[in-house]
1. Using only the C-alpha atoms of segment 46-95, find the volume of their convex hull and express it per residue in Å³.
2. With a sphere of radius 12 Å drawn around the Cβ of Asp47, what net charge do the other residues whose Cβ falls strictly inside it have (Lys, Arg +1; Asp, Glu -1)?
Amino acid sequence: MTDRRGVVAKRAEDLVPGVPYVRGWNHARRSAGALADQLVLLGLDSDFHGLVADVNAVGDGLVQIWTIYPEAAELLAKLITAGLRAELQYATTGSPATARRAAPAI
């Protein structure tokens, strides 16, 4: 698997001595866990049942979301947009209360 920038190598099917797979997988596991915690808080955990940590052939951690419904992808996009909008508002005004009001209801 290679992303459009070419930075993600294929999945590690066969392990190669000297590659730090555990370090990469552990990083991916922590990141997947952090995402899973937020999805649970939002009530979206059942929409992302395929969320898993993985590692590629060069030892980079990967977080796989797997296949999700279009509605779940749209909601995730709205949440990211709302968070970015709130962050931008906070950076502009310096007020977290203003940032919360600036974010649209999801």
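The numbers here are math on the coordinates, done by the rules we state, and not lab data. Just so it is clear, the structure is predicted and the values come from calculations on it, not from any experiment. Here Cβ is always computed from backbone atoms with ideal geometry, including for glycine, and neighbour counts include all displayed protein chains.
1. Residue-normalised Cα hull volume stands at 116 Å³.
2. That sum, taken over residues with Cβ under 12 Å, equals -3.
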